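Throughout, read-outs are computed from the coordinates displayed, never taken from laboratory work. From a predicted model like this one, the values you see are computed outputs, not experimental measurements. Note that each Cβ is placed from the backbone with ideal geometry, even for glycine, and that neighbours are counted across all protein chains shown.
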Amino acid sequence: MRIFHLAVQLARHMSVTHLGFALPEFAHAPHPGAERVEFVPVSRQGSYRIIDLARGAAGSVPFSVLNYTRDSMKTAVRCRLETGRFDIVMLESIHLAAYLPLVRAARYPPRAVVCDWHNIESEVLARYSDGRVGLMRRLYGRHTAQRLASYERWFVNQCDMHVVVSERDRDALIRYGCRAPIIVVDNGVDVARFTESEPQAPDRRNRVLYVGSMDALQNADAAVFFASNVWPDIRRALPGSVFTIVGRNPPREVRNLARLEGVEVTGTVDDVRPYYRQAFAAVVPLRVAGGTRLKILEAMAAGVAVVSTRRGAEGLHITPDVHYLLADDATAMRAAVQELARDGAKRERLVAAARTLVQQRYDWPVLADLLAASLLELLGSRDACPIDPSRVGDARERAMNLPRGSHNDRMR
């Protein structure tokens, strides 16, 4: 979602070509503005390869990078850089770091390479390995997290600029010794899309909702924790309520949760908005996390009150009891969800404050304007002299006044 919306909104200012892995049956869904971006799907066979697990454990390149290194993408990148000139190549996360030498050695190399960090991936893996999994997975996870952190520490000074989703992640790159500029571009939400239709009346909603890609280990862990340790008491206190888990590729342990009373597991859905319209609460029971959560911003834009752990809300500029309810354990989470069900006035206060916040700070056009301003400033600094990190500061106010559509000829 972050990649798609930033690409679409950046295209208001510059030409954008997106190379991305996609399943063979992938069909790009129509979306306003998407026609301005050249989307090039690239085949990626299989989710992961056993040989990559072994090479990641023993070699210098971690599995997280090997898992996204494919000949099909190398060919696509090489072809684009041999036939076109691009001012900037943006790598979406450390996972694509293996393509950096190819980009630098191209016939027409870009003027700058930027990395967009969706998480500090080594931190996510280290948190996962904190004792909630089996011994062998824990040992492998810790080993891999250490190797990935070392790789990240090397990688930060191979790029000309970094984009992170929170000040906390920026601080992590600074601790790595990063000398390149680092800008914060929060995760966002398509506010208009989530507010364009009237939700079901709040007093008729009976759904507690958790949304996330269930093939991500942190989301599966959260779903199992909430359904097993929190939901049974809520169901007894609120007969007729339903806990719905929405997200692609749920693993077996998540699919098995549908056996519990009042729990449904949907897998992939065409549109998540109908589920929000029937929900009185969206829960984010994350115990393993990194970056920031789009699922919180979506719920807030959709007018649904949020209950989240501290880690779930990490990196977002939201305040407990103003924009959401903070609940860090099963007892607090049960109490928070039941309070939202019974106190309509408090629920609506949280909803109103949260929606105002996302409209002002987290709407994708606002965030993309900030990114566009920073990219243009980066190119300007490279024209003048070597990059000085102090020259790329907080561009938020300047971005708000950036002329739309005025730089199409300047940068691709």
Original post:
Could you give the nm distance between label points at Thr75 and Thr331, where each point is 7 Å from its Cα heading toward the beta carbon?
Top reply: 6.0
Subject >> Nonlocal amide H pairs with Thr309, under 5 Å, H built at 1.01 Å >> reply: Val284, Leu286, Ala327
**OP:** When a/c is below 1.5 the answer is rounded, else prolate if a/b is larger than b/c, else oblate, so apply that to region 271-354 with a ≥ b ≥ c taken from the square roots of the Cα gyration tensor eigenvalues.
**Re:** rounded
Subject >> Dimensions in Å of region 124-195 - Rg and Dmax from alpha carbons >> reply: 16.0, 46
Subject >> Only Lys, Arg (+1) and Asp, Glu (-1) charged, at Cβ; region 89-130 dipole about Cα centre in debye >> reply: 380
**OP:** Quote the charge dipole size of region 191-361 about the Cα centre in Debye, to the nearest 20; the model charges only the Cβ of Lys and Arg (+1) and of Asp and Glu (-1).
**Re:** 60
Original post:
Amide H to amide H under 5 Å from Gly20: which residues, 5+ apart in sequence or cross-chain, H placed 1.01 Å off N in plane?
Top reply: Val40, Val42
Original post:
Once the Cβ-Cβ distance between Leu379 and Glu339 is put in as r, and R0 is 35 Å, what FRET efficiency do you end up with, to the nearest 0.05?
Top reply: 0.10
**OP:** Please give the length that would be gained between Ile174 and Glu261 if that part of the chain were fully extended, namely 0.36 nm times their separation in residues minus their C-alpha to C-alpha distance (nm, one decimal).
**Re:** 26.6 nm
Subject >> Assigned charges on the beta-carbon of Lys, Arg, Asp, Glu; region 181-278 dipole about Cα centre (debye) >> reply: 320
Original post:
Once the piece of chain linking Asp270 and Ala216 is laid out straight, how much longer is it, given 0.36 nm per residue of separation minus the C-alpha distance between them?
Top reply: 17.5 nm
Original post:
If r is the Cβ-Cβ distance from Met1 to Arg236 and R0 is 25 Å, what FRET efficiency results, to the nearest 0.05?
Top reply: 0.10
**OP:** In nm, give the distance between the simple-model label positions of Arg49 and Arg137, each being 7 Å from the Cα along the Cα-to-Cβ direction.
**Re:** 2.5
**OP:** Whole Å is fine, so just give me how far the alpha carbon centre of region 103-168 lies from that of region 286-325.
**Re:** 23
Original post:
Working out 0.36 nm times the residue gap between Val322 and Arg248, then minus their Cα-Cα distance, what length gain in nm do you get to one decimal?
Top reply: 23.5 nm
Original post:
Rounded to two decimals, what is Rg over Rh for region 141-293 when you use alpha-carbon atoms and the Kirkwood radius?
Top reply: 1.07
